[in-house]
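Just below is one structure, and these are the notes that go with it.
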Amino acid sequence: MIRLCAAAWLALVMALAARASAAKGAALQRFEFIEPHMGTLFQIVLFAPDAAVAKPAAKAAFARIEALDRIMSDYDTDSELNRLCRQPPRTAVPVGAELFDILQRSIALAEKTNGAFDITLGPVIRLWRETRRRKKLPPDAQRLAAMQASGFSKLRLNTADHTVTLLNDGMQLDLGGIAKGYAAEAALAALKQQGFPHAMVAASGDLALGDAPPGAKGWNVKVSPFGENSPHPLTLLVAHVGVSTSGDAEQFVEIGGVRYSHIVDPATGLGLTAPVAVTIVTRSPTLADGLATACSVLSFAAAKNVVEASDESVRLIVHRRNADGSFQTESAGKNPPGLISSP
Ligand code: ADP
Ligand code: MG
């Protein structure tokens, strides 16, 4: 019988484990699923031994997204969010764990960004949606009234009993700037919990990436900040992070020769006009989504301050389209461990 000393034994166990995982890795195949949710297409990519196990796993992850949409939608009049907004003001309303969680994260982000990211901008966002449909700017009085009904200091959360109080009349919450990242993060967690850690979930510009594809160092993510055919693609190698890009590539309106984004500036009550797109890479896809929206509103210097002050490592990339058609990229912050390589 061969006797092994402890170190040799450990080395053998490790070698066998490596071979076992390589064999397991080789047996895994790539599966891709797409479903419409939250007004966009959600894509799931996962690695699994066969379709018989991959399909139900993706189905459960999509079900998780659908359940979150029923809670957080601002379109569905019956969502938990809209039911909360219909309660009389100044009443403490109990809400479920998920709604409380995303409200809490949103308020934290509003505080850190001095209100550049503000989910209480619902009245302004609704008016802006109407503006985009009509292609006509709203009267000042209407715009100012909508701004008056907003403000995150008017939203109170009580962590002791999970109640939410809206202090102003006419308040409307809008989670459009953070819910997709939240849902992608939750769907990725659902896949991992079912035994599929090599997975990613993408909701247009919001991506949640899990363990790298078997045998690879990370996921190759192509960011096209100014649309699919943009001549300015950026390729990142990432794992275990969220990557979010916000900009006016898809949703914008042109009024009087000015191009406005679907992200509103709380200071003006109008859509943003700067030809800028923002990419954020950080551990949490929820934070990446919210920060990409917030940093679109902020100047580069202010956005840089926000990411540098963050407890989490955050990489900020600001893409600018110049008047002469050229592009420029500025970057700040700190790479999270999952950002393996970037330009
Ligand atoms: P996308 O929806 O294209 O991924 P974002 O994540 O930036 O882009 O979200 C834009 C949405 O966020 C808007 O449609 C609106 O619902 C909401 N929103 C707009 N402006 C703000 C803002 N300043 N703060 C928070 N949410 C906003
Ligand atoms: Mg966002």
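Set Lys and Arg Cβ to +1 and Asp and Glu Cβ to -1, take the dipole of the stretch 80-166 about its Cα centre, and tell me which of Gly115, Pro139, Pro88 lies farthest positive.
Farthest along the dipole direction, towards plus: Pro139.
Given a 1.4 Å probe and every protein chain left where it sits, what share in percent of the accessible area of the chain is carbon and sulfur?
Here it works out to 54 percent.
Leaving out ligands, DNA and RNA but keeping every protein chain, what accessible area does Met171 have, in Å² rounded to the nearest 10, with a 1.4 Å probe?
Roll a 1.4 Å probe over it and Met171 shows about 10 Å².
Above 20 Å lies some portion of the pair distances; for the stretch 72-170, what is it as a whole percent of all C-alpha pairs?
Working: 1955 of 4851 pairs.
Everything past 20 Å amounts to 40 percent.
Please check the chain for the longest run free of trypsin sites (Lys or Arg not before Pro) that are loop-located per DSSP (anything but H, G, I, E, B) and have at most 14 other Cβ atoms within 10 Å. Provide the component values of the computation, followed by the final result.
Numbers: sites that count: Arg3, Arg86, Arg90, Lys135, Lys136, Lys217, Lys334.
My reading of the result: 218-333 is the longest stretch.
Considering every pair of different Cα atoms, what Kirkwood radius, in Å, is found for the chain? It would help to have the intermediate numbers written out before the result.
Working: mean 1/r = 0.0465 Å⁻¹.
It is 21.5 Å.
Of Thr113, Thr293, Thr279, which has the largest mean-square fluctuation in a 10 Å C-alpha GNM of the chain?
Comparing Thr113, Thr293, Thr279 in a Gaussian network model of the chain, the most mobile one is Thr113.
Select from Met200, Met147, Met72 the residue whose mean-square fluctuation is largest in a Gaussian network model of the chain (Cα-Cα springs shorter than 10 Å).
Highest fluctuation of the listed residues: Met147.
Given a 1.4 angstrom probe, what's the average accessible area per residue across the stretch 80-166, in square angstrom?
Result: 52 Å² of accessible area for each residue.
I'd like to know which of Val318, Val238, Ile125 lies farthest towards the positive end of the charge dipole of the chain, counting +1 on Cβ of Lys and Arg and -1 on Cβ of Asp and Glu.
Val238
From the Cα gyration tensor of the stretch 271-326, with a ≥ b ≥ c the square roots of its eigenvalues, which class applies: rounded if a/c is under 1.5, or else prolate if a/b is larger than b/c, or else oblate? Intermediate values should be presented prior to the final figure.
Numbers: a/c = 2.10, a/b = 1.97, b/c = 1.07.
Prolate shape, in that a/c is at least 1.5 and a/b is the bigger ratio.
Any chance you could list P(r) for the stretch 150-261, counting all Cα-Cα pairs in 5 angstrom bins from zero, rounded to whole %?
Here the calculated profile for the stretch 150-261 is 2, 10, 14, 15, 14, 13, 12, 10, 7, 2, 0, 0.
Can you compute 3J(HN,Hα) from phi for each residue in the stretch 184-200, using the Karplus curve 6.51 cos²θ - 1.76 cosθ + 1.60 with θ = phi - 60°, rounded to whole Hz and x for Gly and Pro?
Karplus values, whole Hz, x for Gly and Pro: 5, 5, 5, 5, 5, 5, 5, 5, 4, 4, 7, x, 10, x, 7, 8, 8.
The values are calculated or read from the model by the stated rules, or taken from the named source; none is laboratory data. Quick caveat, the model's predicted, so the values are computed rather than measured. Neighbour counts are summed over all protein chains in view; Cβ atoms, including those assigned to glycine, are modelled from backbone coordinates with ideal geometry. Protein only, heavy atoms only, side chains kept; ligands, DNA and RNA dropped before computing areas. Shrake-Rupley method; radii C 1.70, N 1.55, O 1.52, S 1.80 Å.
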